[in-house]
Structure formats: C-alpha cells, structure tokens
1. Measuring from the lowest to the highest alpha carbon on each principal axis, how far does segment B:176-277 reach, largest first, in angstroms?
2. For chain A, rounded, prolate or oblate, judged on the Cα gyration tensor with a ≥ b ≥ c (square roots of eigenvalues), a/c < 1.5 rounded, else prolate if a/b > b/c?
3. Hey, could you get me the Stokes-Einstein D for segment B:508-560, Kirkwood radius over alpha-carbon pairs, 10 °C and 1.306 mPa s, rounded to whole µm² s⁻¹?
4. Taking a ≥ b ≥ c as the square roots of the eigenvalues of the Cα gyration tensor of segment A:47-189, is the shape rounded (a/c under 1.5), prolate (a/b larger than b/c) or oblate?
5. In the structure displayed, which of A:Lys61/A:Lys102; B:Lys154/B:Lys187; B:Lys138/B:Lys187; B:Lys231/B:Lys435; B:Lys229/B:Lys302; B:Lys373/B:Lys414 lie more than 18 Å apart, Cα to Cα?
6. Could you tell me what fraction of 2.2 N^0.38 Å the Cα radius of gyration of segment A:220-293 comes to, as a two-decimal ratio?
7. Which links in B:Lys360/B:Lys556; A:Lys94/A:Lys224; B:Lys94/B:Lys116; B:Lys16/B:Lys133 stretch past 27 Å when you go from one Cα to the other?
8. Three principal axis extents, largest first, for the C-alpha atoms of the protein assembly as shown, in Å?
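Each value in this text was obtained by applying a stated rule to the coordinates, not by laboratory testing. All figures in this text were calculated on a predicted structure; none of them were measured in a lab. Neighbour counts are summed over all protein chains in view; Cβ atoms, including those assigned to glycine, are modelled from backbone coordinates with ideal geometry.
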Amino acid sequence: MVSKKKKSNKEPLTFQETILALQKYWSKQGCVILQPYDLEVGAGTFHPATTLRSLGAKPWKTAYVQPSRRPTDGRYADNPNRLQHYYQFQVLIKPSPSNIKKLFLNSISAIGINYNEHDIRFIEDDWESPTLGAAGLGWEVWCNGMEITQFTYFQQMAGIECKPISVEITYGLERLCMFIQNKKNVFDLIWNNDGISYKDVFYQSEKEFSAYNFEYANTDNLFKIFDMIEQEAKSLIEKKISLPAYDQCLKASHIFNILDARGVISVAQRAEYISKIRELTKAIGKLWLESQN
Amino acid sequence: MSEFFLELFSEEIPSKLQVNARKRLLEKLKNFFQENEISIKGNLNVFSTPNRLIVYIDKITKKISKKSQEIRGPNINASDKALEGFVRSNNTTKSKVFKKKTNKGEFYFFKIPSQKINTSDLLKENIPNILSKISWNKSMKWNDYNLYWGRPLKSILCVFDGKKLDFNFYHLKSSNTTFIDKETEEKTKSFSNFKSYNSYFKSLGILIDQEKRKSFISNELIKLSNKKKLKVKLKKEILEEVTNIVEKPKILLCEFDEKYLIIPREILIITMQNHQKYFPTFDKKENLTNNFFVVADTIDPKGFVKLGNERVVEARLSDAEFFWKRNKSQNLVKQVSKLKNINYFKGLGSYFDKVQRIRKLCGLISDEMLISKEKIEIASSICKVDLMSDLVGEFPELQGILGGYFAEAQGFDKEISNAVSEHYFPIGMDSITPKKPYSVALSISDKLDSLVGFFGIKLKPTSSKDPYALRRMAISLVRLIIENNKSFKLRDLINYSCMLYKEQGTEFDTKLLQKDLSEFILERLKNYLKEKQIRNDIIESSTNISNIDEILKVFKKSLALNKNIKKDFGQDVISIYKRSSNILFSEKQNSPDIIGSADPGLFKNDFEKNLYKRIHDIRKYFSSIGKSENYEESLKELSLAKNEVNEFFDNVVVNDVDPVIKKNRLELLKMLCKSFENYFNFSKIEA
C-alpha cells in the first residue's frame, strides 16, 4: 500500500506507469534498457541479455520487461492470482554492486512503496534452473508477507561457473501492482488512466491460451517439432553460431512446457527432455563465451 | 583480563546457515584457544541476527606465556642448504643454532626462549584463518571477489580491550565500525566494547542475542494469545526459524475472513505456518480460529504491515478455497480410470495398475482383519485419485489427507475416508501410526505393493542411496505391525503381490524376492528395536529368524527380555541356558550327533529324572500357550528350572566313564536348551 498521508493527492501508479517508472529508475543507474525478447520464454532470465551476458568477464547492466509464459499456470481467467502469461521486470548487473540492496529499495520507493513503513524482508530462496544448467543464491523479497521480488546472485549459468558474479532482480509486475493498487484480482488492475484495466487487455487471451495449452495443442506435432528444433540447434552449434542456436533452445523449451501442460510427458520422459535442453544450453554457453574473447 | 568482540556484517543470512555458522565459529574458536592455551573466564558467546554474526568474550587473558622449546633441525652431516633452510624457517641466525647428540645421532638444534605473547597479536594473526575455516553448508561468491560466505560479507568489526584489531580478510579490512542501517548500509558507527554495542542496538529495539529474541517472541505470543483466550502451538523449528529471520520482533495479531475456515485445516495451517511463517491459533476445543500471529521485523504505526499480511493470507486462501470447492465435487469414483494416465514407475505400471493391485491385497487382508471386503476395496480404488487434484498439486505434502477430505465431502463411510486420509502414514520413525483397521489394511497393502515392485525390478536401496525411500517404507511396515499389535502373514502377502504383478504382465523371481525383501525388512526391524533402546545382543539373538511373519513376536520377546534381564529370573534364564550350552559346545567334537532326546531308562538318579520332568513341563507350557503367549511369564517359567538345573550340576558328573551314560546326559542338556529355544537362542546374550 502506498502511504496515504504523503501521497494523498496522488493516485497509485497504473500498470504502465509502474513499468515506465522502473525503466526510468534503472536507466538512471546506468542500465541498458532493452525491449522484451521476441520469443516465448518462461521467465526474464531466459532472455539472452541475462543468460548469455551473465557469462564472461565483461561488465554488463541491463533492465527490461519480459512477457513470460507458464502454460501450466493457466486458469482460463477464472483465478484472481494465476496467469499463463504475465510480465516480469528484469534487472541484471555484472559484477554485482555492493550497494545493490539500497538500489533495490530505492527502486520500490520509485514506484510508491516507502520501505520504512512496511515490513521488508529478505527470505531465503535459492534458485536453480535445470534447463539452463543454472544455480544461484539469494532471496525472495517480502513486503508485509507478500513476495514482490526475486533477488539472486548467479553462481552458475549454462553449466559454467560465473566470474564475476551477476546479480539478478526480478519483479513480478502484476503482483507488485496489485500491492500498489490494493487489488485482490489481477484482472482489476488499472492499466492506464484512460479506464483500461488488465482484464480489457488480457482476459480473452488467458481464456483462449488456457484452452490451447490444456486442450487443443496438437501434441503429436509438437513432439515432432521438438525433435526438429533440437536437430536445428545441434547443427547450429556445430557451425558455432551461438545466438541463433540459443533461439532454438528457447523454442524447444517452450514446446516442452506446452507438452507438459497437456499432461503427456511422464516423469521419466520429463527428466530426459530437460536434460536434452540443458545439454544444448551448455554447448551454447561455451560457444558464446569463446566468442567473447 | 580483556574483552574480545567481533562482528561480521553481511546481507541477510538464512536461518539454518546462521545456526550452522554460530556452531562452527564457536567450535573453531574453542579449538584455537585450547591449542594456544589462551584462558577465558566467563562465556564464549556467539550471537546472530540476519545481518550480524557476533563473537563476544568478556574476559580473556591479555598475555600468554609460551615455555621455551628446543626444535630439532637437520643432522650435522646434512647439506649446508638444509641448515640454511632450518635457520631461515625459524627466523634466526646461524650463531644461535647449536649441535646436540641424541640417541639417533647428532643434530642441529634451536632453542625458542620462553616468551610472553600478546593475545591481541595472536588473535590478529589467526582470526582470518579461523574465519576461512568456517564451513558453510551452502555458500556463495559475489562481485569479483574470491571469498565464499553465506551471503555477501560487508564489514568486519574487531575490538580487543577497547582497541580495534587490524587484519585483512580477503578483500575486507577489519575496523572498529559497523553499519547501523541494515537496509541501505549508508550509516556507520564505531564501538569500543560490546556493552555499548549491545545497548545501542537495544535502544533501536534490536535484540542481538538470539536466545533473548526467542524467549521474547514466545513470551509475547503466549501473553497475547492468553489475552484473547486463544492457544498457540510453539513448534520448535518454526520458532527457531522465525527468531533467526528478525532482529526486532513485533508480534501482530491478524485475522482472515471466517468463511475460509471451511477449507481443510491442514491447508490453512501449512499456508500460515510453512509458507508465511505465521503462528495459527486454536480455541479451547482445539479448533483452528481465523486469528493468527505475525512476527514482523518492524513496528507498525500505520497498520500497513498487519493489513498487508492479512491480504496475503486472504489471497492464498481464496486460491485454496477455489480449488477446494472445485476438487471436492469432482467425483472420486468416476476419476479412477483417469489414473491410467499417470505413470507410477517405469516397469510398475500406472497408478491405475497400482490401485488394482492394492485393492486385491486389501481383499486378502480383510479376511484376516475381519473387516468389510467391500468397503476396503472402495477405499483402495479411490485412495490415489487426489493425486490428480489441483490442491495436491499445490500442497503435495497433503496427498492422502486431501483425498480423505474429498471422500468425506462426497459422503463415503467414515471408515473409507479415514483409510484414504491415513494410508501414507506412518512416514518413517516419527509420525503417528494409523490404528483404525481399514487404515492399517490400506497402508500395509500400499507399502507392500511398492516394496515388492521395486525389489522386483531390482531397484533395492544401496548402502548410501535410497532414492525411492524404501527403507522408510519398510520401517513404516514394521511399525504398523508392532504398534497395532497385529501379526500379518507377510510371506503370503508378498507371494500374492508377486502374482498380482504377474497378472499385469510383470514377472518377478518370487523366491529371490522373498529372500531379499525378508532380509531387508528384518534389517529395518533391527533398527526399530535399536530405536526402542533394546540391547544389541538381544536384538541380534531375537532377529535371528527366517520367517518375517513373526515380527511382532520378535518385538515382544526382545522387549520382555530387555526389561527383565537384570532381574533375578532374567539372570537365571541366561545362566541356565549358558551353563548347559557351554558344555554341549565343548563336547561338540567328541559327541557330534547330540539331537536332544534323552532316554529316561538310562537315568541313574533323581537329579536327572527331576530335570527331565522340568523339561517336560516347559515343553507342555509352550505347546499350551499358543498365540496368547505372555513373554514375561514365559521367562519366569523358564527360570523355574533353576533348582533342577543347579541340583543336576551340583550332583551329577556329565562326563561319566560310561560313554552311553555320558551321551544320555548330554542329550538331556540338549533337550533343556531346545526347550529354552522356544523363546529364542540365548547363547549370544551377555549376562
């Protein structure tokens, strides 16, 4: 909640203002403001500006919004908190600066959360991504018991030890805005000051994509496509072009997620698919790192 | 005596890592003080908050004296280089080195004079080393530094006797200042002693000492709940964790909408306690209430913290309510066939296949347990359906329990819903064990089916790895039998289970499986007995059986002997048996074919006759008691042979000149031992 006294004459930020405010804030900190990656991904971490750029010695600072797709989380727009498509705001800084906590706390001030009036906590939450061959230590940041951000020091990416270490901050924009705007239902979020709500933008899409993910996705074809993409990735790796190969990896990963949502992947198969994607990512990470020298 | 005070300031270190770091730091320091003969008066304190790890010793000796010491160097015939090295490594000159003869030859020696060392110098030199020896269960790097720590370490404050101790630790330099604002790390303050440090933070409401914090939190929780006529359960692990993730605890009483109390209480409790670290409350009748406590890490003058936490719970509970309403009305029976889509394990079929097997096993058990076959078969059929529900997806730890709630909501018999609810229990050594017959039958069938399956496809645990938790499952099986005081024909059940797998097209080597699984279950039985503090020799003797149907008997016999072994009659049993069996053992080579049948016609005296009669009484006793054996009584019965045995040994020479008489007497002793072995073989029991 926004402090009522200080900002009594000021409405809480809209969804789009929140994004703009975060972009402005991190831009001031010297971050390269990027646009979302133009492929379906499960999280902002998958953007090559995070995965690949966190490898190697070159300093790097970036911030961007990333639409994220989690097919299994779809609820046909029936659930006030769950979406199969949502927005993350992602910050990555390498090497991790020593004042990163202060930078983070000031960033939430910039969107109207006065951290002195709330119970801000850093609760253990270590992170691992089997498909990316990645691991990190950090926290989920709680504001009055609500998780508003993930905070991670990458230790390993694409199976490679990170040196120097990057720090990643990931805000779940819908959650954060529900907190700022005091909404119980994500679809009630105020998108802009012209009367557009989150529902106006995404309601139909949540319904239709839930149906696609859970019911209509043609699994026979998707299995075939997965194999084709895997082949493509392998051949690109052989030709040593890391970025296009990484794109194939992202595509494979998304297809795997849809197959998973359709419930057609058994436990044993699951591990096998994950390891296929991880092997690709590892090879690509190595390639990319070599290309940096 | 001086004061020593060290503070390591970092970003928030998780609870378990704090506990470990405190422990390790204490160990390392103690060792260091001991090795260097530094004496301490008072306590060696290690405190922590999420951001601060603190060592405080109020009285430590200022100087320590080291006795003079002669150090042996190279042999006098060794090369000059060796001598130079020796001189260099001792930081001395050639003139101070002398020769001395020993029984191993003549050597160069150097004498370190006795000296007084400042403790502060020793600390300065060694603390970095001690700090780098703390082994974290999980640690990380940050920036471009090489240091591994629980979370980024930002500053080191180190003070001895009011003055700072200077040293370097990786990229950090110690000082007498620390950050006083953990959020932004902008303000620093210097401290010259712990007292001022402690009282400064106390004035900010921060409790440095975790024990004080813990008792503050629990006292406040009890006080506030009494005031509201509520009860809180202070679970040790939760209290510990909550204590370690706050520095200035403030307890807030919050509530959620009463309408959510219709959700199964386990969900409410897990949501509050495990996910949000709150303390749920209960009324006098142990019913969960809609009040809960939040341990915040800040004061809440504007009420934002309370409101925010209440909203989080509401959001989570409305999620759970949504799923609960949907799942409870999804017909369990109609969903059973959908279990075909969920693989149980590669080679062991789907969950549908598993449920069919469990159903038939339960059918067999139902005859033995005198329960309704129809009901237990229904319970078996629906017991895994909840795996497909949204709620078990959200709360996997509540599998079974939620199925029980669904069954209850859909009007199944209480016995059926209880059986579904409890069929995963017991889980290992510590959880509750089901006692209701339907629950017991379902739980045993489920576990036996899994054990047989995994042993069948040769995935039994290795000494270090047990990925499918089969040990836990077998322990649970043992507990179900013993704690329900009920024997099961496990061998028959295992055979039947193998047959059920075969019907589904998977054939196992039944004979081998029986053998392996029996041994495995017996091993778990031994562990169980160990947990129950039964003596090792008793465990080894009692579990020396081949028939696992006798688990319950083994347990009772062990328990009775363990309880009574120090009593007179217990001692008598052991000594009678041992005295006889020792003679048999020593005669084994001369008389190998003793089978335990004496001929009364060869008896020469009443002592033999009386012993013979006693043995008969014992045999009669064991054949008459059958299943209703009272094991303490049995031991007493055996001990009654004391008189006859003593008289026999006092008056009869076993080693008679006539080999026929001698053999007959050995036969008599063998008979005696055999009659005792109706209980078990006592030969390895230590008196």
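1. Computed over the Cα atoms, the extents are 56, 28, 22 Å.
2. Verdict is oblate for chain A.
3. On the way: Rh = 11.4 Å.
Using the Kirkwood radius from Cα pairs, D works out to 139 µm²/s.
4. Here segment A:47-189 falls in the oblate category.
5. From the list (A:Lys61/A:Lys102; B:Lys154/B:Lys187; B:Lys138/B:Lys187; B:Lys231/B:Lys435; B:Lys229/B:Lys302; B:Lys373/B:Lys414), the Cα-Cα distance tops 18 Å for B:Lys138/B:Lys187; B:Lys231/B:Lys435; B:Lys229/B:Lys302.
6. So the Cα radius of gyration is 1.14 times the expected 2.2 N^0.38 Å.
7. Cα-Cα > 27 Å for B:Lys360/B:Lys556; A:Lys94/A:Lys224; rest within.
8. 114, 96, 71
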